[in-house]
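Colleague: Have a look at this one before I ask anything.
Read the figures in this text as sums done on the coordinates, not as results from a lab. Everything quoted here is computed from the prediction, not taken from an experiment. Because the Cβ atoms are built from the backbone with ideal geometry, glycine has one as well, and the counts that use them run over all protein chains shown.
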Amino acid sequence: MNDVFRMDKAQPRLLDEMQQGVLGKPLDRSEGALKVSGLATYAAEVKLPGRVDGVLVRATITKGKVTGIDESSIAHLPGILGVFHGPKFLRNPAQGMADEAPSQPDTRVDYYGQPVALVVAESFEQARDGALNLKISYEAEEVSVDPLDEACHAPDNDGAVIKGEIDKVMTAADVAVDLTFTTAGHVAAAMEPHAAVAEWKGEHVILHGSLQMLRFNRNELADSLGIDPKYVRVLSPYVGGGFGSKLGVGAEAVAACLAAKELGRPVRVVMTRQNVFDAVLHRTQTVQRLRFAADKSGKLLAIGHDDLVTNLSDEGFAEPCSQASQFLYGAETLHFLQTVAQVHRTPTGSVRAPGEAVGMVPFEAAFDELAEKLDMDPVELRLKNIPDADPVDGLAYSARSLAESLREGAKQFGWDKRQAPRSRMEGEWYIGMGVASAARKNLLVPSAARVILRGDGAVVETDMTDIGTGSYTILGQIAAEMLGLPMEKVEVRLGDTDLPGASGSGGSFGANSAGSAVFLAAKKLREEVAGKLGCDVADLTLKDGIARGGNLEKPLSELIESEISAEGAIEGGKTSEEFLSSGFGAHFVEVAVHRWTGETRVRRMLGVFGMGRILNEKTARSQAVGGMIWGVGTALNEELSHDPRTGHLVSRDLANYHVPSHADIPGKMDVVFLEERDDQANPIQTKGIGELGISGAGAAILNAIHNACGVRVYDVPATPDKIVAGLEALEG
Ligand code: MOS
């Protein structure tokens, strides 16, 4: 690829001029039938002759080192083929976009449950038996696993944003709130556990994995194995959910490759659900201090959002809790300081909407408390504080539908019927409404794609993944719209590192990035078709396989002899330096809180979002609803618990870690998309969708709980015990 399009200035809205009429339509996912019929092959289902199974063995100390692995202890067991360990095995998963091997601590152990070896046997059961019986000796060190232990605190003073003197402003202000919240750790809990099947063909290794970002994963794997990336091919055509947990390669992939090489047979490693909890990056628990100062009219004078998150000391990730807090509202005085508690627990990493997902919960809940103190409507207070320019850097905003989302949501939800706290009851249930803003930063990641046009249809090729979000469908829709083809004439091939490298799925940037690459490739093909027809491309219309322009008309089947193909590639440019691009929206929630049990039932939710151009109304809605459901989990159920002695996860299966079930989710989950084009974001004017729905959703629930029963919960999730305690305190 030589010509990479740089996003240096707003581009014409070409997609709005296309005639096929498939873009934006609520089309079903094109690979849906394959998935529900079992024909879509997930990594663990790849059948290869001679394939054997490996099971990860995990550390039973918190910190220290492995001093011996006694392979003879399991040599007598049936089917055992080998025990694999050493410098390349002891590793944590790579963080998203690491693009190189994750830290390789050799025999060092950094957390309880860290993979230290792989036992391979003829069958999975035999391997599991071997893994359970393998004798390992350790040298253990005493270590703190408590994030509140100040000895392990590392403040990020360089990354802090501090303007003015917040303490002074808080003291002098008419109204101020200073609140501390805690939020629990979360796991992605994707339906498909992490899995890898590795096979070698000479110097080449093929990894069938469950991964989100193949272009990066290939380099991470090559670096881990100590070989050139040209010898590595990664295939992930179908991924059963990721939510960030599959951004980087993990122990299962590296171990499978090394064992397969040594044994000369394909090796499969599938994580158990408990492995996924123990040995995959999860979301940090947090402590967050929120400060708002305002004058009597509600105008903000100061915004403070400091946070404490956890990770191992050599991990290059810290949940950016105040990401949206820095641009959602404006004030002269700002204070954003992050501290990392370097504790020996399973490392933390990206889980859906890293930053906003847990950062906006206390931020928007504290803002609600400010509104109460000011005796102002919380929607009004938000509208009043929408800044003209980004308060930190002074950047202009690109398309921003925050005010419209709040107004439209209030209207559609019936916000005017909201009453004072604790004033509406139905039987034994307190009823209340809550609101919160939504924001999730919008990103563009370098991406390439190839589109091949034939007389009878087109093929889209990129290593982009579809992790259940709809990539197959939307990339097909973009190509179909641009090339004037019915959807069934466009084949989309994804999830193979032999294809042009795209962004992968992460940070909600997949549709923007890979979608733009497909668009740019198709745009080149339109120019070629116009040339063949003999008209100017500006006059070209493509619809249902017919090219028209300049009084000429010919079917593509006549214009194109065999095939023409083009590659499109994009990278960010000046617009990303000159504009702050973010998705914005508003959440409205109605809850019922039981007077005696403290149980919260979410009765209805409405999310109103400005997400740029909507490529597929159905997949976009599913993403938004999925995010809102995560908001329910964040506010009410989801909670990782750690053993205070070892730091080991205690809630490490789906029986003990509660994700919302169908019974927890109201039938009334409404989503409204506001018509929007983000001209500064990319040439298809889209914005990230996947993570906006979760951002702020949990706060709207907490705020509704307070409106219903008068209880504010600062230790999230708001489980019934905490609400009962709050009700008892209120009622004396
Ligand atoms: Mo996402 S948490 O970057 O998959």
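Colleague: What base-10 log of the normalised intensity I(q)/I(0) is obtained for the stretch 8-54 from the Debye formula, alpha carbons as equal point scatterers, at q = 0.14, 0.19, 0.30, 0.31 Å⁻¹?
Modeller: Treating every Cα as an identical point scatterer, log10 I(q)/I(0) equals -0.66, -0.79, -1.10, -1.12.
Colleague: Taking the Cβ of each residue in Thr646, Thr182, Thr473 as the centre, tally the other Cβ atoms inside 10 Å and list the residues starting with the fewest. Before the final figure, lay out the partial values.
Modeller: Values: Thr646 19, Thr182 15, Thr473 22.
Ascending number of Cβ neighbours within 10 Å: Thr182, Thr646, Thr473.
Colleague: If each Cα of the stretch 241-322 is one equal point scatterer, what is log10 of I(q)/I(0) from the Debye formula at q = 0.12, 0.27 Å⁻¹?
Modeller: These q points yield log10 I(q)/I(0) values of -0.59, -1.28.
Colleague: Another question about this same structure. Measure of size requested: the Rg and Dmax of the stretch 147-255, with Cα atoms as the atom set and Å as the unit; please supply both.
Modeller: Expressed in Å, the Cα Rg and Dmax of the stretch 147-255 come to 22.5, 73.
Colleague: Ranking Val343, Val724 by Cβ neighbours within 10 Å, fewest first, what do you get? Numbers along the way, then the final one.
Modeller: On the way: Val343 26, Val724 17.
In order of increasing Cβ crowding within 10 Å: Val724, Val343.
Colleague: Here is a follow-up. With an 8 Å cut-off on Cα pairs and a minimum separation of 6 or more residues, tell me the relative contact order of the stretch 556-624 in percent.
Modeller: Answer for the stretch 556-624 is 24 percent.
Colleague: Scanning the chain for helices, which whole DSSP H stretches are 15 Å or more long along the axis (Cα) and average -1.0 or more by Kyte-Doolittle?
Modeller: Passing helices, by number: 214-225, 251-263, 356-374, 402-413, 471-483, 510-533, 617-632, 697-709, 720-731.
Colleague: Okay, next question. Quick one: dipole size for the chain, taken about the Cα centre, charges +1 on Lys/Arg Cβ and -1 on Asp/Glu Cβ, in debye to the nearest 20.
Modeller: Charge dipole of the chain: 1140 debye, to the nearest 20.
Colleague: Next question. For every other residue with a beta carbon closer than 11 angstrom to the beta carbon of Lys25, add +1 if it is Lys or Arg and -1 if Asp or Glu, then tell me the sum.
Modeller: Around Lys25, the surrounding residues sum to -2.
Colleague: Report the GluC sites (Glu not before Pro) located in the stretch 71-176 that are in a DSSP loop and have at most 16 other Cβ atoms inside 10 Å of their Cβ, or state none.
Modeller: Working: sites: Glu71, Glu100, Glu122, Glu125, Glu139, Glu141, Glu142, Glu150, Glu165; in loops: Glu100, Glu122, Glu141, Glu142, Glu165.
Those satisfying the criteria are Glu100, Glu122, Glu141, Glu142, Glu165.
Colleague: Still on this structure, I have one more. Once the Cβ-Cβ distance between Lys47 and Val4 is put in as r, and R0 is 35 Å, what FRET efficiency do you end up with, to the nearest 0.05?
Modeller: On the way: r = 39 Å, r/R0 = 1.12.
That pair, Lys47 with Val4, gives E of 0.35.
Colleague: What nm distance separates the two modelled labels at Thr182 and Leu148, each placed 7 Å from Cα along Cα→Cβ?
Modeller: 0.5 nm
Colleague: Expected output is a single nm value to one decimal: the length gained when fully extending between Ile665 and Glu563, i.e. 0.36 nm times separation in residues minus the C-alpha distance. What is it? Don't skip to the answer; put the middle values down first.
Modeller: Values: separation 102, 0.36 × 102 = 36.72 nm, distance 4.91 nm.
Gain in length upon complete extension: 31.8 nm.
Colleague: Along each of the three principal axes of the Cα atoms of the stretch 13-123, give the extent in whole Å, ordering the values from largest to smallest.
Modeller: Result, largest extent first: 69, 33, 20 Å.
Colleague: Same structure, new question: Please work out, to two decimal places, the log10 of the ratio I(q)/I(0) at q = 0.11, 0.18, 0.21 Å⁻¹ from a Debye calculation in which every Cα of the stretch 504-646 carries one identical scatterer.
Modeller: At q = 0.11, 0.18, 0.21 Å⁻¹ the computed log10 ratios are -0.71, -1.13, -1.25.
Colleague: Expected output is a single nm value to one decimal: the length gained when fully extending between Val36 and Arg604, i.e. 0.36 nm times separation in residues minus the C-alpha distance. What is it?
Modeller: 201.6 nm
Colleague: Something else about it: Mind pulling up the Rg/Rh value for the chain? Radius of gyration and Kirkwood radius, both on Cα.
Modeller: Radius of gyration over Kirkwood radius for the chain works out to 0.99.
Colleague: Looking at the stretch 255-360, which GluC sites (Glu not before Pro) are DSSP coil and have at most 14 other C-beta atoms within 10 Å of their C-beta?
Modeller: Qualifying residues, ordered by number: Glu332.
Colleague: Given only helices, namely DSSP H runs of n ≥ 4 each adding -39500 (n - 2.57), what is the per-residue ellipticity at 222 nm of the chain, to the nearest 500 deg cm²/dmol? Spell out each step's value before the answer.
Modeller: Working: 16 runs with 179 residues, N = 732.
Here the helix-only value at 222 nm equals -7500 deg cm²/dmol.
Colleague: Under the 0.36 nm per residue contour assumption, what length would be gained going from the current alpha-carbon distance of Asn157 and Leu654 to full extension?
Modeller: In short, 175.1 nm is gained.
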